[in-house]
Each structure stands twice: as C-alpha cells, then as structure tokens.
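The values are calculated or read from the model by the stated rules, or taken from the named source; none is laboratory data. Note that the structure is predicted; figures quoted are calculated from it, not measured. We work out accessible area using only protein heavy atoms, side chains counted, and drop any ligands, DNA or RNA first. Shrake-Rupley method; radii C 1.70, N 1.55, O 1.52, S 1.80 Å.
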Amino acid sequence: MLEPIHPISKKDQVALAVKDAILSGIIPPGSPIVESKIAQEVGASIPLVREALIELEHQGFVQRTPYKGTRVTTLEPEDVACIFRLRVELESLAIAWAKEHITAADIQYLRDKIEGMKRSAAALDLNHFYECDLAFHRKIWVLSVNPYLVDALERVVVPLFAFFVMKHTRQREAYIESAAEHEKIVEALPTMSAAELGELMREVTGGWQTDAQKLLFSQDQLPA
C-alpha cells in the first residue's frame, strides 16, 4: 500500500529549504541569516521566513540573539564541554522525576525510537537518527512533569543535536553504540529506583561527552 501524501505548509517549505541549505553546507555554521535575502531567494514574504526561522530555532539549527539577529548554530569544543557539564545534571534529574510518571506505553514509545535509531545508524541516515534520538530525550524530559526543566533542556541540548547533524560525521559504529546505550536506559526503567536511574543517566551522558568531542572536532581543535 502506498503512503498517503501529507500536505506541507509554505512555512514548512521555507524551513525545509533553509535547513537543506544548512545541511548541505551552502549556509555553514556560524553564518548570519538575513531574512530579506532568504525571502528573495525562496520567493516568500519576510514574515513567513521569520516563522520558518522560529521553527528552525526550535529544532536547534539556528540561534537568535536579541539585537544581533539570527545565525546558523555553531559550537566550539569549550561550548560542548559546558553543555555536557550542565546536561549531565539536568538529564539525571529528568529521568529520576520521569520514573514517577512513566507508563508501559511510554516505555514502548522509547523502544520504538531506539529501533529508529538502529535502522538509521545502519543506513547512516544521520538526520533521521537525531530526530529519533531527540524524540527519545524529549519524551523523558516531558515525563519529568516540570516545564522549567523541559525548557532548560530544550535550550541547552537541542542546539547540540542540530550541530551534530550539520557536521555530517559518518562513523557507523559510534551511532550503533549510542543506540545500545539508549537501550540500556530503557531496560533499566521498570526495575531501577529513581536515584539509580539518575546515576545511570549521569554515567551514560558523561560517556557521550568524550564521543561527542571526537566526532565533532579534529584532534588539533581539542584542548590539550
């Protein structure tokens, strides 16, 4: 049976065009985004482009700074280190608090996302891999039932996910291993206490930091 066609709004078309330009390297990390120029190139209004950039900010591909405009997300090794230092603490809290609310349906959802990660890793479809990866983490954040924690994690972690996609790192084993680490977390959810889950997430997330630095940056970019 054929898949149904899903209509796509003009805003989403603009967002997709800009995202494709970012992922293809036409608009590299750190580049300023000029709304009027984008509007002219894609044949859309400036307000529509602005809406599309808000969506891309939500996805982590661009960062908006008051009075300075919008730029394609870029991170330095020091930024990644700072993000992970905070991420370890916040995600440990998130999963510990999520333990109180998680259901069998939620665990199945997380397992489905891991299967998506595995398939994407095997195919080196990194864009879809990170869509599944981010959906996995967002589910845990939401299950913490703390909107302030969710907001903090969105602002801290999502740009990191997007930067990974932009870098186009192609090391299949690293992504297969990442999916396995996520699976370890899910399998522990029914049996571990909230405190034990927090420690497990702390351990796993800390391990991801080392891999992240190696995947994102060359050796001469990393601090001695």
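Things to note:
- Solvent-accessible surface (1.4 Å probe) assigned to M166 amounts to roughly 20 Å².
- Candidates A17, A135, A94, ranked by Gaussian network fluctuation over the chain, Cα under 10 Å, top entry: A17
- Accessible area, probe 1.4 Å, largest first, for residues K214, K184: K214, K184
- A convex hull fitted around the alpha carbon atoms of the range 109-164 yields 53 Å³ per residue.
- Kirkwood Rh and Cα Rg combined as Rg over Rh, evaluated for the range 21-69: 0.93
- Straight-line reach from K118: taking Cα to Cα under 14 Å and skipping same-chain neighbours fewer than 8 places apart, the aspartates and glutamates in range are E131, D133, E173, E177, E181, E183.
- Within the listed set T191, T74, T205, the Gaussian network model of the chain (springs between alpha-carbon atoms below 10 Å) gives the highest mean-square fluctuation for T191.
- Surface composition of the range 34-78: carbon plus sulfur atoms hold 51% of the accessible area, using a 1.4 angstrom probe and ignoring ligands, DNA and RNA.
- Å³ per residue enclosed by the Cα convex hull of the chain: 149
- Reachable lysines, given that their alpha-carbon falls under 16 Å from the alpha-carbon of K214 and they are not under 8 places away in the same chain: K167
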